[in-house]
Amino acid sequence: CLTGEAAKFIELVGISENKAYFFTSNQVVVRLYKVANGKQVGEWQLADNIINDIAISEDGSTILLGFRNGLAAVVNVKTNQVTSHQKHRLDINSVGLSADGQLALTGSADKSAHLWDTKTGETIHSFSHKSRVNHVTISDDGRLGLTLDAIEAHTIWNLTTGDEISTLDTHLRFFEFNHARFSKDNRLLLAGLPKRKLQLWRVSDGVKLAEWYAHQQRARASVLSVA
């Protein structure tokens, strides 16, 4: 149980896929801990830049930070090195990291999403949108990506080629995901939405296969995380 200053003003949290590490952040400082004993492993910040979103690699060795000023930073936990890249002109709203920490997907208010190499900062593919990109998801193997903008684009991409695979089959405007995950075989996409919704989508054609509602008394409650 975190106590003292470390427990105050926590806004962002996450757990590595191997269940060995978890992070917390007040949107300025990021702290990494061991799950087994709660011992702090490291602490990082980039001046007073505001962090909008954080992703962590499967083994907890790489952390990706997306900032409000369009800057992205890669934290190498083992070497304690922080490398920053100016990837966007405006706010980075959402970030995704492949399981091995080598590929990053970032979505921004500048109406673009970028796939890039975390070691070099080199952009591999760029995806243009008509409005701000509010959400991105990358598959564990780095082969699939999802980008959602604020109005009408809900696209699944082949990140190897940069080509579109499908568009989620919905006529809704202002479509919003809080969190999404690709299945291990990359055939399905599970998403958590506002108003207690979970949705399951087929990657190949963007068809919605199922929808569920979480049991909550408040109709406005949101599903914040799915697995």
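Tell me which of these residue 120 doesn't satisfy, since it passes every other one: (1) under 25 Å from residue 87 (Cβ atoms); (2) in contact with a strand residue (DSSP E or B) (Cβ under 8 Å, 6 or more places away or on another chain).
Going through the list (1) under 25 Å from residue 87 (Cβ atoms); (2) in contact with a strand residue (DSSP E or B) (Cβ under 8 Å, 6 or more places away or on another chain), residue 120 breaks only (2).
Being surrounded by 14 or more Cβ atoms within 10 Å (Cβ to Cβ) and within 20 Å of the chain's Cα centre (by Cα) narrows it down to one residue among 139, 128; which is it? Talk me through it step by step, then tell me what you get.
Working: 128 fails: surrounded by 14 or more Cβ atoms within 10 Å (Cβ to Cβ).
Selected residue: 139, the only one of 139, 128 that is surrounded by 14 or more Cβ atoms within 10 Å (Cβ to Cβ) and within 20 Å of the chain's Cα centre (by Cα).
Failed condition for residue 37, given (1) open to solvent by less than 30 Å² (accessible area, probe 1.4 Å); (2) in a loop (DSSP other than H, G, I, E, B); (3) among the polar types (S, T, N, Q), with all others met?
Only one criterion is unmet by residue 37, namely (1).
Of (1) in contact with a Ser or Thr (Cβ under 7 Å, 6 or more places away or on another chain); (2) open to solvent by less than 50 Å² (accessible area, probe 1.4 Å); (3) of a type outside the set (Lys, Arg); (4) within 28 Å of residue 77 (Cα to Cα), residue 150 satisfies all except one. Which?
Failed condition: (4).
Within segment 1-14, take every residue that is free of Cβ contacts under 8 Å to residues at least 24 places away in the same chain and under 18 Å from the mean Cα position of the chain (by Cα) and give me the one that is surrounded by the fewest Cβ atoms within 10 Å (Cβ to Cβ). Talk me through it step by step, then tell me what you get.
First pass over segment 1-14, keeping only residues free of Cβ contacts under 8 Å to residues at least 24 places away in the same chain: 3-5, 7-11, 13.
From what's left, under 18 Å from the mean Cα position of the chain (by Cα): 10-11, 13.
Numbers: 10: 13, 11: 13, 13: 11.
Taking the candidates together, the pick is 13.
Looking at segment 153-180 only, could you name the residues that are over 14 Å from residue 202 (Cβ atoms) and open to solvent by 60 Å² or more (accessible area, probe 1.4 Å)?
Hits for segment 153-180 are 160, 161, 163, 164, 171, 172, 173, 174, 176.
The values are calculated or read from the model by the stated rules, or taken from the named source; none is laboratory data. These figures come from a predicted structure and were not determined experimentally. Don't worry about glycine lacking a Cβ; one is built from the backbone with ideal geometry, like all the others, and counts go over all protein chains shown. The protein model used for the area step is the full one, side chains on, heavy atoms only, and it has no ligands, DNA or RNA in it. Shrake-Rupley method; radii C 1.70, N 1.55, O 1.52, S 1.80 Å.
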